[in-house]
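Shown next, in structure tokens, is the structure this report addresses.
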Amino acid sequence: MELDIDFVRGQFPAFSDPSLRGQAFFENAGGSYTCRPVIDRLTRFYTQRKVQPYAPYEASRLGGEEMDEARTRMAAILGVETDELSFGPSTSANTYVLAQAFRQWMKPGEAIVVTNQDHEANSGPWRRLAEEGIEVREWQVDPLTGHLDPQDLAVLLDEDVRLVCFPHCSNVVGEINPVVEVTAMAHAAGAFVCVDGVSYAPHGFPDVGSLGPDIYLFSAYKTYGPHQGVMVIRRPLGELLPNQGHYFNGGALYKRFTPAGPDHAQVAACAGMADYYDLLCDHHGGPASGATERAAFVNGLFHAHETALLQPLLDAVKDRNAVRLLGPTRAEGRAPTVALALNRPALPVAAELSRHGIMAGGGDFYAVRALSAQGIDPEQGVLRLSFTHYTSAAEVERLIEVLDQVL
């Protein structure tokens with residue numbers, strides 16, 4: 001079954017807002033439009049339940065129930081236990097807190113592995129552990145393709161490695177990394193695994209339970225939701241690491257790595273992401289039960305739609321003079337995040353696209369290490385064209401036409 005793009009776009013108020021009329025949005029990797037169920041829940045919370053939750057009076061009780069609902073339903077979609085999922089202010093902040101826990105737990109001389117394909121959020125906090133005598137080993141990309149080869153990781157693994165950190169896919173390379181394979185390699189060497197899913201989750205919520213990593217992180221504001229970081233920490237690791245929350249919350253797994261008080265309204269609104277998935281599943285005749293099964297059905301619709309739109313764009317840019325396409329040239333196996341290195345600074349090109357109604361970005365996108373590793377000057381940056389399932393074929397056709405004029 002094909003994705004009903006008209007039904008999808010009908011769930012996003014942005015597509016009917018007069019201020020955005022005539023604009024085609026191609027900077028989804030930086031943050032998506034927000035779906036109506038999330039907006040409705042956020043509005044309801046702020047108007048009816050903006051009180052301290054979990055007290056016995058009605059507004060407070062209902063607010064707490066909505067927060068619990070968000071955790072329960074999102075954990076079910078991700079294939080993990082409810083208390084293995086936490087919310088925090090952002091993925092960058094969540095990773096920083098986790099790094100402090102590992103800082104306390106690890107011993108000098110032990111090692112972690114990071115990549116130079118990552119967004120800085122899943123690289124910088126871990127690299128700072130070197131200040132405590134932790135050895136930081138870098139799993140490096142191929143400088144021509146940006147590819148992370150698992151065989152290059154194999155030579156870095158030994159009995160000293162405690163953690164392997166890598167992205168599900170890069171926010172500039174776009175290639176989807178083999179999480180199951182890499183996780184199995186790391187676990188066989190006795191290491192835990194942290195996967196940054198920020199650039200992958202917008203294209204389908206993963207079944208983290210089946211993928212196998214010990215930590216999985218993504219940002220709700222890139223998955224049609226509010227500005228929250230979503231963090232899965234599997235129980236064996238979560239109970240092993242030192243508590244980073246208030247001492248009296250140490251017995252609650254989902255509170256151990258959220259030292260700041262949660263944004264109650266935004267946590268509650270995250271249930272709207274599950275509402276949205278349910279709407280799409282039911283509208284398209286998907287499975288009637290099973291949260292991960294229903295999510296997998298919706299993910300399949302997303303993937304087929306995005307792949308069909310992505311290949312024409314890749315074909316239009318991969319052989320252009322003075323344009324270097326980062327990552328694979330085939331839509332299969334990559335996300336629809338297309339970064340182009342040009343022979344001029346990227347930001348003015350993005351500004352020129354905007355005059356033609358194309359909203360895109362130019363810069364380093366906090367992937368300074370990934371760009372530098374591929375011989376690209378971060379100061380010049382890349383032009384990034386990113387879309388998701390609510391993008392229409394007509395918008396991609398228009399983007400290609402405008403690129404022909406601008407490039």
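Remarks
- Conditions (1) in contact (Cβ under 8 Å) with a residue 60 or more places away in the chain; (2) of a type in the set (Val, Ile, Thr); (3) closer than 30 Å to Glu131 by Cβ; number of the one not met by Val80: (3)
- Residue match in segment 329-338 (condition: within 19 Å of the chain's Cα centre (by Cα) and open to solvent by 20 Å² or more (accessible area, probe 1.4 Å)): yes
- Residue check for Asn94: at pLDDT 95 or above and polar (S, T, N, Q): yes
- Condition met for Glu131 (open to solvent by 10 Å² or more (accessible area, probe 1.4 Å), in a helix (DSSP H, G or I), under 24 Å from Phe205 (Cβ atoms) and at pLDDT 95 or above): no
- Against the list (1) without any contact (Cβ under 8 Å) to a residue 12 or more places away in the chain; (2) under 29 Å from Phe15 (Cβ atoms), the condition Asn321 fails is (2).
- Residues being farther than 25 Å from Thr43 by Cα, among the aliphatic types (A, V, I, L, M) and not in a loop (DSSP other than H, G, I, E, B) - total across segment 252-299: 5
- Residue match in segment 110-124 (condition: open to solvent by 50 Å² or more (accessible area, probe 1.4 Å), in a helix (DSSP H, G or I) and either in contact with an Asp or Glu (Cβ under 9 Å, 6 or more places away or on another chain) or closer than 18 Å to Arg369 by Cβ (or both)): yes
- Restricted to strands (runs of 3 or more DSSP E) entirely inside segment 302-407, those with at least 1 residues that are among the charged types (D, E, K, R) and modelled with pLDDT of 95 or more are 323-325, 382-386.
- On the stretch given as segment 365-400, residues that are in contact with a strand residue (DSSP E or B) (Cβ under 7 Å, 6 or more places away or on another chain) and among the aliphatic types (A, V, I, L, M) total 6.
- If you go through segment 1-47 and keep only what is of a type in the set (Phe, Trp, Tyr) and either at pLDDT below 95 or outside any loop (DSSP other than H, G, I, E, B) (or both), you end up with Phe7, Phe15, Phe25, Phe45, Tyr46.
- Remark: pairs (first residue in segment 275-298, surrounded by 15 or more Cβ atoms within 10 Å (Cβ to Cβ); second residue small (Gly, Ala, Ser); Cβ separation under 7 Å; 6+ apart in sequence or on different chains) = Tyr277/Ala295; Ala291/Ala76; Thr292/Gly79; Arg294/Gly286; Phe297/Gly286; Val298/Gly286.
The values are calculated or read from the model by the stated rules, or taken from the named source; none is laboratory data. Note that the coordinates shown come from a computational prediction; the quantities given were computed from them, not determined experimentally. Here Cβ is always computed from backbone atoms with ideal geometry, including for glycine, and neighbour counts include all displayed protein chains. Surface areas here come from the heavy atoms of the whole protein model, side chains and all, with no ligands, DNA or RNA. Shrake-Rupley method; radii C 1.70, N 1.55, O 1.52, S 1.80 Å.
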